[in-house]
Number of protein chains: 2
Amino acid sequence: MSGDAYTTLCEQYEQIANIQHAQSVLSWDQQVTMPEDGTPARTAQLSALSTVAHDALTDDVIADALETLRANGESLSADEKATVREIRRKHKRATAVPESLVAEMSETSSEALSVWESARADDDFDAFAPYLQRHVELNREYADHIDPTRDPYAVLLEEFEPCLSLDHVESVLRTIRETLIPMIDAIRASETTLATDAFTAQGTYSPADQEALCRDVLTTLGYPWERGRLDTAPHPFSMGTSFDARVTTRFNETDPLGSLFSTIHEFGHAMYTLGLSDDAYATPLGEDRDLSVHESQSRLWENHIGRSRAFWDVLLPQMNKHFPQTDTLSVNEAYEAANQVYEDNLIRVNADELTYHLHILIRYEIERALIAGDIDVAEVPAVWNEKYEEYLGIRPETDAEGCLQDIHWSHGNIGYFPTYSLGSAMAAQLYAAAEESIADLDSQIAAGSFDKIREWLQTNIHQHGARYETNELIKQATGSSFTADAFVSYVTEKYGSLYNLDQDFHVAK
Amino acid sequence: MSGDAYTTLCEQYEQIANIQHAQSVLSWDQQVTMPEDGTPARTAQLSALSTVAHDALTDDVIADALETLRANGESLSADEKATVREIRRKHKRATAVPESLVAEMSETSSEALSVWESARADDDFDAFAPYLQRHVELNREYADHIDPTRDPYAVLLEEFEPCLSLDHVESVLRTIRETLIPMIDAIRASETTLATDAFTAQGTYSPADQEALCRDVLTTLGYPWERGRLDTAPHPFSMGTSFDARVTTRFNETDPLGSLFSTIHEFGHAMYTLGLSDDAYATPLGEDRDLSVHESQSRLWENHIGRSRAFWDVLLPQMNKHFPQTDTLSVNEAYEAANQVYEDNLIRVNADELTYHLHILIRYEIERALIAGDIDVAEVPAVWNEKYEEYLGIRPETDAEGCLQDIHWSHGNIGYFPTYSLGSAMAAQLYAAAEESIADLDSQIAAGSFDKIREWLQTNIHQHGARYETNELIKQATGSSFTADAFVSYVTEKYGSLYNLDQDFHVAK
């Protein structure tokens, strides 16, 4: 009985997962290869797939199978129980929301994407505002259908972090905020000078050379090209399955580190996807756990490896090959340039490891206020600019480099931004555990050997898919519940040393 | 009543059409951009979409709406009636075939594609044979579900030519066969020597230069890049909607005409797709009529324009720009090289306008014999090679350049090949009508002006989508039923003049 219901449940879910993967391919195509006038048809296609997936997830076949398994599911294995748990969660959420609303959200996203692209190019927030307004309304409506009694933002956050409570999230964010604000103050007070213009002073870097470097670095890190590719996109992202996980980046002629670190970042995402089980494809155990775990993988590769002193021993010679003008740089100068804390950067994706989280906190506070109705969409540019002044001491001159810089709100993703900071905290906790487990990890990195760390991540995180809930996954991998403690230790040590600070963030005498 | 049923029918069909367009995007990606190991997941995704589209097309919602409209559909407009006619045809065919068979065919196709690619690369027919065998069996089963009383090949042909009977098709093919066999004999007997090695004698042509030329030519012909793109694929094809119709080609370093004419050919297909009505997107009136009409568009551009003497006035200077080694060629030499009748070409897609149809007749005869059970799959290479010897006087040395050369059977498409010859015949009939209507068409082409011919095709063919059945569409556009008569006149005049033949294909004294 329960065996039959379980089989039915998995078959139906397989169909849904495949449709969702098809949506991802269409979305990759839209951002990477689709001609500019293709939007109306693509919007309709994505909306149709969204409706079909929603119909399948809310179908009585699933409801009946879940009901049978609720009564008779004790004999299932632990993996089967985890599978049922994940499908039940998605089914419950989907049934709460009318199909028409799902289709409308998908259609709005698809339309808003190209509007956002033009609005950003033209620095025209007013063009984008109606779409953001619509997204806010649709998101409120969405949360209301799921649970009208709770803070709608808490409900929306669960779209991306199904197993972390808003309280848990806020405790992590609080630790980050309380650590970084005095630390960044101390850094600004520090008289230590890093080689901040090591790269920018060496002229320009052609996109073709940058791309060649990114390809070399991906190969060095162990990216399996037979299951991947590198392309450019206005907003870098990764997409895929364990069979085919792609990386995108973008190029800025004056800043070779931008494309490099975005490539390494997306490589981390892609490696998570590639590390999922082929055999569990189109089941919850073959899917990523959630966004914080996904982001922990990209951050770990980008920051803990890519921005480490050890990695620059490998990276700088590769850079020299593609950019002869960097021949005169020392590894230390390059390392410093890659880790400078910016005083005047307005763009989240160009931010350093520390100020990055202030960019996130600003977005988080604005979107919470939008959902709560505390501010209007029309006020977003002003609020944004004020918060940048307050937190970062800088003020955007245009909305293009202000509140229009990110793609997320054009997708209607509200509750997404905090997952970036959660990911950083989680990356630190995982990397500390990996260092415990792999004695000479730092020397391996300096020697260009990444097999052990890839294997550790695959074994402890990737292969499990959504087998464990988030905190359990982190406990299994690291021995402790998820906190920002390891992140605090990491940034304190690294930036204390770079900027000559003592433990209490005083400038060391 | 009928209004409601009509609306319901269209809404349901829109969903189906969008899913099918999503399938096309996934398939384009598989052939153009997907990493090599992506096949298992892509197979599952395409199969899931195929099942979903099939479910939707056979759904009671459609059956009920069609039933209502059968009784109460008299008040519908002509366009609405055409819409209902087309959906009814598809619904009827789909309901006859079990969903499991459709899914199996789709899965077999997707698996067979990569097997075929390797088999062709390795010249290993045995590796591909089990897939071809499976396709033959599945196709027989498919035809049997639709109508067990008829020749299964006639039933399969309707998959691609829903409105042309096998009798009509055979009468066109017979005329082509009876014209071409004596004509090709006469050409071989002719002592006229064309400048056949005009291009091949000039060294090699880099893929990058060939691509640049193809892009220039597409621009000259009027390809709207904001709705299209050019990529490479192992077997060139086009894909899309009126919003986004893409062209692919492939490069051979010794033969710049190959990529050029395949690009112009796929341009013709893409222009048909782009000429469909945006407003009718995701309805039958926004879809191509059938494969012969599609092929007539590619053939018209490739042969009647691309291989015309007039076009070489425009083309040769563009070629000279990209290939300085062609500077010494005259327009006449280039024209002759582009129209030589090959004596030793084994590859269909490299064939000239005349022998091409013998390549088609061979495939048509083999696939009819396979479906009829007159030959086994294991015999295909031997039968293939014998027929090449008999019809073309040449024998492939490998299966890679023999029966493995085409992608079609890997897709399980049986009944598809004849549509190429039908397309050529139809192209000739349409081009003759366009010449009647556009007095100075030839001079316009020589002057590089293609607006009038694009407009004529858009008005007389593209904009109608599936409004008219095939023969009616051709009658509306040309004033006559579809025959091979115009094709006979066209080849008689063109090749008679090139090879100095009289009307009865005797070598002129």
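The values are calculated or read from the model by the stated rules, or taken from the named source; none is laboratory data. Keep in mind that this is a model prediction, so the values were computed, not measured. Glycine gets a Cβ as well: all are built from the backbone with ideal geometry, and neighbour counts include every protein chain shown. Note: accessible area is taken over every heavy atom of the protein model, side chains too, but ligands, DNA and RNA are not part of it. Shrake-Rupley method; radii C 1.70, N 1.55, O 1.52, S 1.80 Å.
A loss of 30 Å² or more of accessible area (1.4 Å probe, protein heavy atoms, ligands and nucleic acids excluded) relative to the isolated chain is seen in these residues of the range B:235-279: B:PHE243, B:ASP244, B:ARG246. Take A:ASP185, move 7 Å from Cα toward the beta carbon, and the resulting point lies 10.0 nm from the same point in each other copy, nearest first.
Here is the list for the range B:26-96: GluC sites (Glu not before Pro) lying in DSSP coil, each with at most 14 other C-beta atoms within 10 angstrom of its C-beta, are B:GLU74. The other copies place their B:GLU397 label points at 6.9 nm from this one, listed shortest first, where each point is 7 Å from Cα along Cα→Cβ.
If you count only protein heavy atoms with a 1.4 Å probe, what accessible area per residue comes out for the range A:2-96, rounded to a whole Å²?
On the way: 3640 Å² over 95 residues.
Accessible area per residue, the range A:2-96: 38 Å².
Helix B:309-322 axis versus longest C-alpha principal axis of chain B: approximately 80°, rounded to the nearest ten. Relative to one another, the C-alpha centroids of the range A:101-141 and the range B:472-493 are positioned 51 Å apart.
Taking amide hydrogens as placed 1.01 Å from N in the peptide plane, the amide H of B:ASP231 sits under 5 Å from those of B:VAL247, B:THR248, B:THR249, each at least 5 positions away in sequence or on another chain. I need the shape label for the range A:262-389. Rule: rounded when a/c is under 1.5, else prolate if a/b > b/c, else oblate, with a, b, c from the alpha carbon gyration tensor. Verdict is oblate for the range A:262-389. At a threshold of 20 Å², the residues of the range B:5-27 that become less accessible to a 1.4 Å probe in the full protein assembly than in their chain on its own are B:GLN15, B:ASN18, B:ILE19, B:ALA22, B:VAL25, B:LEU26.
For the range A:2-96, a crude dipole built from +1 on the beta carbon of Lys and Arg and -1 on the beta carbon of Asp and Glu, taken about the Cα centre, is about 420 debye to the nearest 20. Per-residue packing, averaged as other Cβ atoms within 10 Å, sorts the ranges B:178-189, A:283-294, B:247-258 into the order A:283-294, B:247-258, B:178-189, beginning with the highest. Length gained on full extension, A:GLU178 to A:ASN252, computed as 0.36 nm times the residue gap minus the Cα-Cα distance: 23.3 nm.
Accessible surface buried at the A:B interface totals approximately 2800 Å², computed with a 1.4 Å probe on protein heavy atoms.
Derived scalar couplings between HN and Hα for the range A:398-405 equal 9, 6, 4, 9, x, 6, 9, 5 Hz in order, rounded to whole Hz, by the Karplus curve 6.51 cos²θ - 1.76 cosθ + 1.60 (θ = phi - 60°), x for Gly and Pro.
Take the residue pairs B:LYS387/B:LYS475; B:LYS81/B:LYS475; B:LYS452/B:LYS494; B:LYS90/B:LYS387; A:LYS452/A:LYS475 and return only those whose Cα atoms are more than 26 Å apart.
Working: B:LYS387/B:LYS475 36 Å; B:LYS81/B:LYS475 19 Å; B:LYS452/B:LYS494 23 Å; B:LYS90/B:LYS387 36 Å; A:LYS452/A:LYS475 20 Å.
As for pairs spanning more than 26 Å Cα to Cα, those are B:LYS387/B:LYS475; B:LYS90/B:LYS387.
Panel note: contact residues of the range B:187-229 (accessible area lowered by at least 40 Å² against the chain on its own; 1.4 Å probe) correspond to B:GLU226, B:ARG229.
What does the charge count around B:TYR335 come to, taking other residues whose C-beta lies under 10 Å from its C-beta (Lys +1, Arg +1, Asp -1, Glu -1)?
Working: positive: B:ARG307, B:ARG309; negative: B:ASP313, B:GLU333, B:GLU336.
Charge balance in the 10 Å sphere: -1.
Of the residues B:THR179, B:GLN325, B:THR241, the one whose Cα sits farthest toward the positive end of the charge dipole of the range B:166-499, with +1 on the Cβ of Lys and Arg and -1 on the Cβ of Asp and Glu, is B:THR241.
Of the DSSP beta bridges with both residues in the protein assembly as shown, give the percent that are antiparallel, rounding to the nearest 5. Can you show the working numbers first?
On the way: 10 of 16 bridges.
Just about 60 percent of them are antiparallel.
Calculate for the protein assembly as shown the 222 nm mean residue ellipticity that helices alone would give, adding -39,500 (n - 2.57) per DSSP H run of length 4 or more and normalising by residue count, nearest 500 deg cm²/dmol. Intermediate values should be presented prior to the final figure.
Working: 40 runs with 620 residues, N = 1018.
Mean residue ellipticity at 222 nm (helix-derived): -20000 deg cm²/dmol.
Principal-axis analysis of the Cα atoms of chain A puts helix A:418-437 at an angle of about 70° to the longest axis. Axis of helix B:78-96 versus longest Cα principal axis of chain B: the two differ by about 80°, to the nearest ten degrees.
What percentage of the solvent-accessible surface of the protein assembly as shown, computed with a 1.4 Å probe over protein heavy atoms, is contributed by carbon and sulfur atoms?
Result for the protein assembly as shown: 45 percent of the exposed heavy-atom area is carbon or sulfur.
May I ask you to report, in nm to one decimal and beginning with the shortest, the distances from B:SER100 to the same position in the other copies, taking label points 7 Å along Cα-to-Cβ? Spacings between copies for this position, smallest first, are 3.9 nm. When both the range B:298-377 and the range A:33-89 are represented by their alpha-carbon centers, they are found 49 Å apart. Sequentially through the range B:184-190, phi angles give Karplus couplings (6.51, -1.76, 1.60; θ = phi - 60°) of 5, 4, 5, 5, 5, 7, 5 Hz, Gly and Pro residues having no value and appearing as x.
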